[in-house]
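What follows is a set of notes on a single structure, which appears directly below.
The values are calculated or read from the model by the stated rules, or taken from the named source; none is laboratory data. Source: prediction; values computed, not measured. Virtual Cβ from ideal backbone geometry, glycine too; neighbours counted across all protein chains shown.
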Amino acid sequence: MEDKVAVVTGANKGLGFAIVKGLCQKYSGIVYLTARDESRGLEAVKKLNDLGLKAKFHSLDVTDENSIKKLAEFIKTEHGGFDVLVNNAGILEWDEVYPTYEVAKRNIETNYKSLLNIEAVLYPLLRDGARVVNVSSACGHLSNLRNKNWLDILSKQDLKEEDINHFVDEYLESIKNNTFKKEDFADDGKHAEHRVSKVALTALTAVQQRKYPNFSINAVHPGLIDTDMAKVEGGVNPDEAAKTILYLILDASPKLKGTFMWFNRKLIDWYDYEGEYYYKHGV
């Protein structure tokens with residue numbers, strides 16, 4: 001019988017590390033901790049080993065298609081396929097509340113566009129019944145947007161990847177051309193780049209679920225987490241935040257598909273753009 005295999009991206013610290021730790025404790029299979037920086041990744045695996053937990057390391061830069069291909073070749077050769085994927089890798093340049101084009105582009109390429117390459121290269125290796133968790137945030141709810149045209153497009157039941165890409169590219173063009181409008185977003189447009197990337201990620205979750213009906217693909221807002229990426233007063237620790245993600249992997253019904261789950265395991269209506277689910281900066 002083939003080994004069950006789980007892969008967690010961006011896992012050398014914070015939430016990703018906590019997810020790997022939880023999987024090492026409860027998942028009956030092999031767990032791969034991936035990270036862009038090899039030395040930090042190996043150090044994270046050593047920390048787990050010191051706790052009596054076993055994880056394996058493989059380097060992965062989600063913004064580098066060749067790096068994704070190397071991971072895919074390794075998994076195919078070693079295991080023939082895999083069963084769990086947690087798309088956790090992400091960035092937020094916290095001090096750039098109204099970012100430059102370069103900062104906005106970097107955020108979107110890491111948090112959203114990398115998932116398109118991951119889908120193309122890694123999804124063919126996912127086995128029937130696989131579980132995929134896309135780590136979103138409060139920034140990923142549709143209520144973060146105020147632009148009526150964007151809301152109409154992203155609310156379509158037959159939404160396609162090209163529609164999401166158009167939304168993302170239109171935002172980036174507004175930054176490049178200095179036509180960005182704060183009123184297109186909730187909360188006076190603070191960290192609009194992160195709202196765009198996470199809304200796109202959550203929207204992509206539903207699109208992917210329709211394309212891959214044999215998998216369970218869900219997005220999750222793990223709660224406000226106090227990490228070195230974003231210092232959040234009153235934020236929960238990564239181990240606490242990981243619990244909902246671990247629930248989706250280990251305990252949730254396989255019939256749970258294409259949903260957006262809040263940190264309290266409540267299923268949120270992503271299309272309720274008039275709700276107050278949006279992220280409030282500094283709150």
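Can you say whether Arg131 is in contact with a strand residue (DSSP E or B) (Cβ under 9 Å, 6 or more places away or on another chain), crowded, with 21+ Cβ neighbours inside 10 Å and charged (D, E, K, R), as far as the supplied structure shows? Yes. Between Asn111, Asn12, Asn107, the distinction of being under 26 Å from Thr244 (Cβ atoms) and touching a His at 6+ places or on another chain (Cβ under 7 Å) belongs to Asn107 only.
One line per residue, one yes/no per condition, for (1) in contact with a Ser or Thr (Cβ under 8 Å, 6 or more places away or on another chain); (2) buried (at least 19 other Cβ atoms within 10 Å of the Cβ); (3) of a type in the set (Ser, Thr, Tyr):
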residue	(1), (2), (3)
Asn237	no, no, no
Lys243	no, no, no
Leu246	no, yes, no
Ile249	no, yes, no
Ser253	no, no, yes
Gly258	yes, no, no
Arg265	yes, no, no
Tyr271	yes, no, yes
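So that you can scan it fast, the table gives a plain yes or no per residue for (1) polar (S, T, N, Q); (2) at pLDDT below 95; (3) assigned to a helix (DSSP H, G or I):
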{"position": "Cys139", "(1), (2), (3)": "no, no, yes"}
{"position": "Leu151", "(1), (2), (3)": "no, no, yes"}
{"position": "Asp158", "(1), (2), (3)": "no, no, no"}
{"position": "Leu172", "(1), (2), (3)": "no, no, yes"}
{"position": "Asn178", "(1), (2), (3)": "yes, no, no"}
{"position": "Ser197", "(1), (2), (3)": "yes, no, yes"}
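Of all residues in the range 1-59, those being more than 19 Å from Ala89 (Cα to Cα), hydroxyl-bearing (Ser, Thr, Tyr) and without any contact (Cβ under 8 Å) to a residue 40 or more places away in the chain number 1.
Hand me the list of strands (runs of 3 or more DSSP E) wholly inside the range 1-103 holding 1 or more residues that are among the aliphatic types (A, V, I, L, M) and surrounded by 16 or more Cβ atoms within 10 Å (Cβ to Cβ).
So the answer is 5-8, 30-35, 82-87.
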